[in-house]
Structures are given as C-alpha cells and as structure tokens.
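One structure is given here, and the rest of the page talks about it.
The values are calculated or read from the model by the stated rules, or taken from the named source; none is laboratory data. Computed from a predicted structure; not experimentally measured. Cβ atoms come from the backbone with ideal geometry, glycine included; neighbour counts cover every protein chain shown. What goes into the accessible areas is simple: the full protein's heavy atoms, side chains included, and nothing from ligands, DNA or RNA. Shrake-Rupley method; radii C 1.70, N 1.55, O 1.52, S 1.80 Å.
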Amino acid sequence: MTFPSPPARKSPRDSWTQRGLLLLILLLAAGLRVRGIGFGLPALNDPDEPLFMMTAIEMLRNHSLNPGWFGHPGTITLYCLALISLAVGVIGIATGRYADADAFVSAVYADPGILFLPARLFIATCGVLCVYLTWRLGRRIGGTRTGLLAAAFLAVNAVHIDTSQLIRTDIQASVFMLLCLSSTLAIVEHGRLRDYLLAGIFVGLGCATKWPAATVALSPVAAGIWRIARGSPDGRKLLLFAGAAVATLFVASPYLLLDYPAVVRNLTGEARPMHPGATGGGFLANLAWYAGPLRTSFGAAGVALAALGAILLPLRNRVAAIALLPGIAAFAVLICIQALRWERWLIPLLPFTAIACGYAVHALADMVRARTGRPLRALEPLAALLLVFPMLHTTQLRAVARANDTRQLASAWIHAHVPADSTILVEHAAIDLVSGPWKLLFPLGSAGCVDARAALAGRIRYAEVEKLRSGSPIVDLASVDMPRLAGCRARYLILSHYDRYRDARTSYAQEWRRYAALTQGSALRAVIAPVDGRRAGPTIHIFETVRPPSPR
C-alpha cells in the first residue's frame, strides 16, 4: 500500500509564497467568474434560470418551505435562492428603495436583474469555493504543487466559469461532492467515525442539490469495504455513513416524502428521451461528445496530461485511487448512458480532470529533476503557464461571445427596424423589450401565446407555467396547442428554436408543423447566428408577415 509521503517541513518563506499563490489563483477565479456576470439582463437568456427564481420567490410568497418542484431535486439551491431573495427584499425595503414587499415583487418582475444578479453572484462564489476545494484535495493527493496547479487549471476553465455564472444546481452539487471525497480520503487514511459521518452528510446534501451527486457515495462505500477487507472493524461505521446520507437527504429536503406525488411527477417529466439540440447517441457517442468540451476548455495538451495523471495516480497513490475513482468513474458512466447530454453535466468531473493534469505535470517535473540531478524549481510554473494561457484564450473568447448574445442582437434589430405598435411574437424571455412600444406575445404551452406584458404585471407563478407547459422540455412555440396557434400570429416573429426543429423535423414532425404553419406567408428578414469567439446563443430567425396564411 502506498500512502502519500508526509510533507516536508517548509520554511516560513515557502509557506507564505504558497499562500500568496493560492490567494492569487482564487482572486483570478473570482475575477473571471464575476466578469460579465450580468450578461443578458434584464432579458433572461437561460431558459431554466427564471424557473429556479420563480420557485424561490413562490416559497416566500406562500410562506412555505415546500419548493413544489423536485426535478433535480434542487432543494438546497432553491432554499439558498429564497434566502438571497429575502435578504435583497429586506435590505431594499429597509433602505427605502421599495415601499413594501408588494412593491419589491413588482420591481423584480419589471427588472429581474434585481434578484438574478445577487443569485448569480452566489453561484459564482460556489464556483470559487470549488477552486479552493480542488486545491485542498490536490494538495492532499500529490503535494502543494499539485494542488496549486489543479486550482489554477480549474480557475481558468471556460466551462466551469460559464456554469458558475448561471443559476443552476451543478456548481453547488460539485461543492458537496468535493467535500465528500475529501472526507473519503480521511476514511481511507484513518477510518474515523467522524469522517464516515461527514461523508454521509455531504452525500445527502449533494443528492438534495442534484440527484446524480448520489454516485459519489460509491467512494466512501469502496473505502469502507477496503478497510474491512484489511481487517478494520468498520462495518458499523459504514452503516452509519449510509444512515447519515439518507437522514441528511430527507432533513435537507423533507418534502421529498411530504410531497411525494410531486416528486414522481417531476422525475417523470425530467426523464424524457429527446430534447431539441441535446439528444444523446448512446454511451460511446456521448463519451466522444463530452471529450469535445474537455478538449476545448483544457486544451489537447491538458487532456493528454489529465489522461496520464489518471493512469499514474492509482499506480503511485493507492489511497487516492480508492478514495476518488469509484465515485468519479460512476458519475462519468452515469452521464454517458443518459438519453440527453449537456455540457454542464461535466462540471463535477472538471476538478478531478484538473487534479489529474496537475498530478501529471508534477510527476513529469520530478522525473526531469531525477534525470538531471538539478532542482529546476521553475518547471511546474513554466508548464502551468504553457497550459493556462491557451485556456485563458478560450475563456476570453467565450466571455466576448456571451457578452454579444444573439438574443440581445435580435432586440437591437427590433429597436432599429420594427415600427411602434407592431405585434411581435418572441420565443425567448426578452424582458428587455417589455418597455418598448410594441405588443409582445410569448408562447406558453396550452395557454397559447399570451401577452407578455400582462403576464409579468400579473406576476405569473411557476406552478402556472409548469401546468401550462404540460411536460414540454422547452417553453417555446412547439409546446403551443395547435388549436391555439392562431393566437400566435403577429407581424414579426422572433424565433430562437426554429432551426432546431427544422433540422430535426423527422424526430419532431408535430412540433415542426407549428413553425411551418406560423411562418407561412412570412418573409425572412434577418438571421442572427452565433459565431465562435464573437457571438453566443441560438440562431435567431426574424420573420415579417407579408400576407395572410392560405386557408387549410
């Protein structure tokens, strides 16, 4: 068995240098995650962010701890969002910005940035915490330099930065998974009851944040079984770990039991086999697809080094292999066998990719030192710079693209070309257009196309949206009932999902019929497409109705 060698005694100067480097890395991570974090606002580019925030606000309005939605299940994130919303409201009322709670809610519906920006900053803070925990875990596995390298790689990773700016559960779940694996390392090394209980608590919190985080439980289980096989009396501790995980899950999210019908309904809705633009292709196809974002965000050299580190780690540090690999491998397999695939599902794997990459760089540097017989202290910093600069370039390109989203460019086109008093159907949450001189229609499932301004003024609730979308994966034109399609006719159509259904109309024949019917008799006025490194977002098609549709 190979345990990590005890760290050598460091001089005060070395210790302060390492703390200073860690502080610089964390500041860099924070700066990259805060830069441009208000993208899109007051428009809501991400389709799921408003659903999270509406659910949190609804809990406050109903004076209830029941989120009423358990698809992720998202409970921990939703509770945090509710607390943030409460704090922003209390501060706003106390400082006289809002007369009362009713005025505060009205202001939020008119300008969602009032709440969305603080909520995004909270998620960004969780992203920086991931960087810190990656440093701590990497240091325990391969020493201080491995920890610093891993933290630096994660700090500048474009995928991690992008997701850290979105109100979602992935980043927060990753925090709990990292904490669990840190406790698992302690289980393998010491086998203390405290470490088993902490691992169980973090598994429960992770699972209450996002269901797939439950896979990390395999690591403490494997660690406990390994210790039992070596003669340690850890059977009772392993049972207490399982009990702590289950108890924490239901204490943190009690309505998983109290509102069980909603849990079943939400899980059924989430388990859809297809999603426009995100349908998977089986295990191997998904595995190859996920390699793309890894290569883009870490670089080809970074991915190669991470692969080398994943090979070296179990060979040189059995403790780390036993503690980390079962949970990480299980999570990787889980996302690859899903019917859908999303870039953000990689988030919990990115810290370990960074650790493996840092471990490989440190190991190769040690080999060079051994061959040359020289200290060569600059090897790791030089290698880090060679890897980090291309990653920063990718991060910069994606930041520029996100700041120039196709949906905001479509809004600018409308301001420049659409006459006042026109009726506009817009398929995304273009709240930046609500104050304009147009009538805005928004597709809302079985309700047809509703007046967006009236819906916001009426403070539409999440429960109502969930009911109207009738299980549709996206609130878009495709979810509108065909008999209500006539109510969606407008002079201008701003469609953000048109090409997704057009290009997959074999699989989405019924959905495509709605787009074909609504655009009949219309002229295509503009196509605003994303451009790598310059523009992000979906391809926006802008149509103008030039003649009435022919009768059918």
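Data table
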{"quantity": "Rounded to 5, the percent of DSSP beta bridges in the chain classed as antiparallel", "calculated": "70"}
{"quantity": "Nearest-ten-degree value, helix 144-155 long axis tilted from longest Cα axis of the chain", "calculated": "10"}
{"quantity": "Which label in (i) 36.8, 128; (ii) 28.7, 88; (iii) 25.4, 85 gives the computed Rg and Dmax of the Cα atoms in Å", "calculated": "(iii)"}
{"quantity": "Dipole moment magnitude, nearest 20 debye, segment 195-332 about Cα centre, only Lys, Arg, Asp, Glu C-beta charged", "calculated": "320"}
{"quantity": "Dipole-positive endmost among Phe153, Ile123, Val105 within segment 47-156 (Cβ charges, Cα centre)", "calculated": "Phe153"}
{"quantity": "Dipole axis of segment 286-414 (+1 Lys, Arg; -1 Asp, Glu on Cβ), positive-most option in Pro293, Ile337, Met367", "calculated": "Met367"}
{"quantity": "For the chain: accessible area per residue (Å², 1.4 Å)", "calculated": "44"}
{"quantity": "Modelled FRET efficiency - R0 25 Å, Arg318 with Leu284, Cβ distances, 0.05 increments", "calculated": "0.25"}
{"quantity": "Tensor-based shape of segment 300-394 (alpha-carbon gyration tensor, a/c under 1.5 rounded, otherwise prolate or oblate)", "calculated": "oblate"}
{"quantity": "Charge-dipole axis of segment 364-448 as Lys and Arg at +1 and Asp and Glu at -1 on Cβ define it, positive-most pick from Ser446, Val400, Thr423", "calculated": "Val400"}
{"quantity": "Sulfur and carbon atoms: percent of accessible area, the chain [1.4 Å]", "calculated": "64"}
{"quantity": "Amide H partners (placed H, <5 Å) of Lys210, local residues excluded", "calculated": "Gly74"}
{"quantity": "Ordering of 332-345, 150-163 by packing [mean C-beta count within 10 Å, highest first]", "calculated": "150-163, 332-345"}
{"quantity": "Diffusion coefficient, µm² s⁻¹, Stokes-Einstein with Kirkwood Rh over alpha-carbon pairs of segment 55-178 at 4 °C and 1.567 mPa s", "calculated": "80"}
{"quantity": "J(HN,Hα) series, segment 236-246, from Karplus relation 6.51 cos²θ - 1.76 cosθ + 1.60, nearest Hz, glycine and proline x", "calculated": "5, 5, 5, 5, 5, 4, 4, x, 5, 5, 5"}
{"quantity": "Cα-based helix-to-principal-axis angle, 283-316 vs the chain, degrees rounded to 10", "calculated": "10"}
{"quantity": "Table column - 3J(HN,Hα) (Hz), segment 80-90, Karplus curve with 6.51, -1.76, 1.60, x for Gly and Pro", "calculated": "5, 5, 5, 5, 5, 4, 4, 5, 4, x, 5"}
{"quantity": "Length added when fully stretched, Leu376-His415, from 0.36 nm per residue minus Cα-Cα", "calculated": "8.1 nm"}
{"quantity": "Cα-centre dipole for segment 408-552 with unit charges at Cβ (Lys and Arg positive, Asp and Glu negative), debye to 20", "calculated": "260"}
{"quantity": "Amide H within-cut-off set for Ala429, under 5 Å, with H built and near neighbours excluded", "calculated": "Leu44"}
{"quantity": "Residue-span extension gain [Arg484 to Arg295] - 0.36 nm each, minus C-alpha spacing", "calculated": "63.5 nm"}
{"quantity": "Helix axis angle, 193-209 relative to the chain longest principal axis, alpha carbon, degrees", "calculated": "20"}
{"quantity": "Total charge dipole magnitude, the chain, about the Cα centre, Cβ charges on Lys, Arg, Asp, Glu only, Debye to nearest 20", "calculated": "1460"}
{"quantity": "Long-range amide H partners of Asp405 with built H, under 5 Å", "calculated": "Ala536"}
{"quantity": "HN-Hα J in Hz across segment 18-31 - Karplus 6.51, -1.76, 1.60, θ = phi - 60°, x for Gly and Pro", "calculated": "5, 5, x, 5, 4, 4, 4, 5, 5, 5, 4, 4, 5, x"}
{"quantity": "Column: log10 I(q)/I(0), Debye, Cα scatterers of segment 200-340, q = 0.14, 0.17, 0.22 Å⁻¹", "calculated": "-0.90, -1.14, -1.29"}
